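Working notes for the structure below.
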């Protein structure tokens, strides 16, 4: 053997050993650097971008891609890429087991191809590519994606580079998993905040149409749907009626109604749980309304165990809807169901209130017609009558019975309770008094007979107080009887005092007699009948206006007319109450002898 040759061969061997040592050191250095970089961030896009940049420093690739498993592990799709056209990267789906990357994913081993034109597995996405290196991203023995680099040069990637990427892939898989987990948790937190915001907003809307419109807008913030239908259940017709249909962001006219058990919507309603259809073309339940639809998600909206509607979303993409979509929309559907029921109840209450308001206004007009105006005949009296209702209709009443040209009956009553029931009871009482008027009964006898008639038609919890008087002009004689009503006030001889008469209210006991008191009146004498709503009016400090203030007011203002006296009393009471809303009806009748 030639010594020179031996020396040359030894040198070559030493060089090779040195190069291997340098390569190993370089590999370790690269792995350490990449490991540090990829673990320094939890943003998946940033992790992949840093990885691409670091690999580029050691392997001068021309095309780079990280493909992740999607579609329940059926195919690979680019998550990050360099060198691909945007549209190609977004739309390229590689089935597992096909292509170079699909093979790496299926086998769990890296694949290095020196000449892609001679490899039948190669998917000719970019025609100029000649060599490719695909390394599976393995995590706990499972492939989660593929790291893929390509070159336009033949036999470009070396076994050492394959080793570098294989070692790197395990670290990258962990970093990707951490980043995806963080991304998922952050997305869930953001979704929960968004759902909370959506829930607050929808719960504040009490108009059904406005609520449905806003719901369609808010759902778009949660999931980027292509087609949305919100259908509400019609209990009477047993169908779901389309209330909102949105297609590609625009309101459209959808199918007007769907039978309760028909289609995907009907399935969700019958099962009372979400129904996800990855491919509508192979689901016999699907009703073809939109030809471009490929996948569908139906979420029942439940309230107290009943389905009140269905959220239905459609997509032109196969297998578009995920478990996250189902969970998020189920929460949103539950909130929307409550908001819808609140809005429906509010609308029902609003309709009932509107109807009640119309009825009350009609009752108010009828009650006003029942209360006779002050007599225009000359009975020798200056008369004024006033009533203010605490509600739309009044539980107080007054009445004038004409016994003849010289005799007048005057009544003031107060029915227990307030509102419509009290007003109806009062209307019955007026009718009874008018039916007794032809008999020209004096006060005690009229109250006795009224009590008997009311007692025959006794209503549980209802009774009436009343004060009745008769005035005979020719004799200037006043007779008064009282059935539990506030004692009337009489101004006579310069002093105002109560007429001390009491008695049982009407409608409590059947056999009752009433005391009657008579007096002759002179010109200028004043008689004031008043309901307890005047004396018992309170101010902000809880003090009552009281009969004493009323008595003094009449004494001080005795020279004014009956009309002026009535208005003055009501003004003083209102001023005392600081114009607070009425707690009870205020009614009075003022008689002043001419």
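Bear in mind these aren't lab numbers, they're just calculated from the coordinates by the rules spelled out. Worth saying up front: this structure is predicted, and the values here are computed from it rather than measured. Cβ: placed from backbone, ideal geometry, glycine included. Neighbour counts: every protein chain shown.
Between residue 272 and residue 238, what's the calculated FRET efficiency when r is the beta-carbon distance and R0 is 22 Å? Round to 0.05. Let's see the in-between values first.
On the way: r = 16 Å, r/R0 = 0.73.
Efficiency at R0 = 22 Å is approximately 0.85.
Report the calculated FRET efficiency for residue 324 and residue 257 (r = Cβ-Cβ distance, R0 = 30 Å), to the nearest 0.05.
That pair, residue 324 with residue 257, gives E of 0.45.
Taking only the C-alpha atoms of region 263-417, the Rg (one decimal) and the largest Cα-Cα distance, Dmax (whole number), read 32.3, 97 Å. For region 539-594, the fraction of C-alpha pairs farther apart than 18 angstrom is 33 percent.
For a footprinting-style exposure proxy, rank 110, 520 by other Cβ within 10 Å, fewest first.
In increasing order of surrounding Cβ atoms, one gets 520, 110.
Using only alpha carbons, region 371-593 has a radius of gyration to Kirkwood radius ratio (Rg to Rh) of 0.94.
So what's region 74-122 giving for Cα Rg divided by 2.2 N^0.38 Å, two decimals? Before the final figure, lay out the partial values.
Working: Rg = 11.4 Å, N = 49, 2.2 N^0.38 = 9.7 Å.
Here the answer is 1.18, to two decimals.
Among 471, 575, 517, the ranking by other beta carbons within 10 Å of each residue's beta carbon, starting with the fewest, stands as 575, 517, 471. Inter-part distance, region 385-406 to region 425-459, computed on C-alpha centroids, equals 15 Å. Taking other C-beta atoms within 10 angstrom as a stand-in for reagent exposure, 341, 377 fall in the order 377, 341, fewest first.
Relative intensity of region 205-347 on a log10 scale, I(q)/I(0) at q = 0.15, 0.22 Å⁻¹, equals -0.67, -1.61, per a Debye sum over C-alpha point scatterers of equal strength in the absence of solvent.
Rg ratio for region 286-331: its Cα radius of gyration over 2.2 N^0.38 Å, N being its residue count, equals 1.27.
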